[in-house]
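Report on the following structure.
Computed from the coordinates by the stated procedures, all read-outs in this text should not be read as laboratory data. Because the structure is a prediction, the values reported are computed rather than measured. Because the Cβ atoms are built from the backbone with ideal geometry, glycine has one as well, and the counts that use them run over all protein chains shown.
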Amino acid sequence: MSQTEINRQVVILGSGPAGLTAALYASRAQLEPIVIDGPQPGGQLTITTDVENYPGFSAGIMGPELMNEFRAQAERFGTEIINVWIDKIDLSKRPFTLFGKESEDSEGITTIIKAETLIISTGASAKWLGIPGEAPVPEGLGGNGVSACATCDGFFFRGKPVVIVGGGDTAMEEAMFLTRFASKVVLMHRRDEFRASKIMQERVFAHEKIEIMWHTEVREILGTKEEGVTGVRIYNNQTKEESIFPTEGVFIAIGHKPNTELFKGWLEMDEVGYLKTEGRTMKTNIAGVFACGDAQDSYYRQAVTAAGTGCMAAIDAERFLVEHGEQEQKNTATNW
Ligand code: NDP
């Protein structure tokens, strides 16, 4: 099998807001970056509908359209974007080596990528229940009444009843946020106690708009493409009874998982898998490797903050290359 070898000063892994912003900055600094698309090119925004909280779009913009703009802007300055599945990496020395396959399931390495600097922007994925009706449109109602982000989609449920699933701090925070819009918020949890912090629980217990249903497992999301969500099929694991509960929106808040499996054993991460960076920089524990966006940030997790850290990672990478002699400072007033 023939192998393609690619050598770059800046290789960016992941093409969400963080990765494409890093690419925009790196390409404008004439570093000719290459972006490697992940399994979900464009990242989590491509599975949402209207994005109303990204600054600069007063009328809002569709998630996929916003990401097309990010992509086109990075490409305009010379960013190359390729689609390969990175199977393994070697960060033991520079240049770092990435071994790519055609897809996750294919056999054999087809692309070897050598990187003087590596920017990791592989994002995070919301955890889902894996139940019928939950998949993104068109297969299911995801993005059409089912969401994993109250900050992004809460506004669309003004005056409507919603259900939220989970028992951690994310579920508490999202439930509180949803009370601003929804007529009623029903929090469904599979046990009879929350794992969330006491203070967050107390706020939820005290809120008049929030009702809690314990021992409740959501087993199916009901609705149609035309009507959106109409209800959920629930199972009470104490009484062993199944029933239909009407609602117009379902928020899944059972946690996020950073997409950082590939870096285990190389990069420092917290117990959940978020990559650790040094102080106010995007530097990881390996010199020349930077991390940004949701793979690195478990706290804010917004498109605009991901874009911000992508910019920071590109600036860190450019400075690293200057300090290590690979990149002549072409222009002292770099055209960021
Ligand atoms: P957690 O892992 O803390 O909680 C996940 C919740 O979802 C648990 O209650 C769990 O139930 C439930 N759950 C998981 N899988 C399923 C499933 N398949 N079906 C039904 N329920 C399920 O995740 P969070 O995202 O809430 O929090 C992650 C971290 O981020 C925590 O450390 C948290 O403190 C922090 N955080 C802090 C915030 C703040 O301080 N403002 C805000 C948001 C998050 P069970 O309890 O039964 O396991």
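Need one word for the range 1-64: rounded, prolate or oblate. Basis is the Cα gyration tensor (sqrt eigenvalues a ≥ b ≥ c); a/c below 1.5 gives rounded, then a/b vs b/c decides.
oblate
Helix 63-76 sits at what angle to the longest principal axis of the chain, using alpha carbons and giving 0 to 90 degrees rounded to 10?
Once rounded, one gets 10 degrees.
Cα centroid distance between the range 56-90 and the range 149-194, in Å?
A separation of 30 Å, based on Cα centres.
Charges at C-beta only: +1 for Lys and Arg, -1 for Asp and Glu. How large is the resulting dipole of the chain about its Cα centre, in Debye rounded to 20?
560 debye
Starting from the Kirkwood Rh over alpha-carbon pairs, what translational D in µm² s⁻¹ does the chain have by Stokes-Einstein at 25 °C and 0.890 mPa s?
Estimated diffusion coefficient is 115 µm²/s.
Lone cysteines in the chain, going by a 4.7 Å Cβ-Cβ cut-off?
So far as the 4.7 Å Cβ criterion goes, Cys292, Cys311 stand without a partner in the chain.
Against the longest principal axis of the chain, how steep is helix 169-178, in degrees 0 to 90 to the nearest 10, with axes from Cα atoms?
Tilt of helix 169-178: around 70 degrees.
Sequence neighbours fewer than 8 away in the same chain don't count; with that in mind, list the lysines whose C-alpha is under 16 Å from Lys209.
Filter leaves Lys160, Lys184.
Cα gyration tensor of the range 128-252, axes a ≥ b ≥ c as square roots of the eigenvalues: rounded (a/c below 1.5), prolate (a/b > b/c) or oblate?
oblate
If the elastic network links every pair of Cα atoms under 10 Å, which of Gly168, Gly249, Gly43 fluctuates the most in the Gaussian network model of the chain?
Gly168
Measure nothing fancy, just the Cα-based angle from helix 303-323's long axis to the longest principal axis of the chain, in degrees from 0 to 90, nearest 10.
It works out to around 20 degrees.
Hey, if you drop one equal point scatterer on each alpha-carbon of the range 1-119 and run the Debye formula without solvent, what base-10 log of I(q)/I(0) do you get at q = 0.09, 0.11, 0.16 Å⁻¹?
Rounded to two decimals, the profile gives -0.27, -0.39, -0.76.
Of the residues Glu102, Glu241, Glu268, which exhibits the maximal mean-square fluctuation in a Gaussian network model of the chain defined by a 10 Å Cα contact cut-off?
Glu241
Run lengths n ≥ 4 of DSSP H only: what is the helix-derived mean residue ellipticity at 222 nm for the chain, with -39500 (n - 2.57) per run over all residues, to the nearest 500?
-6500 deg cm²/dmol
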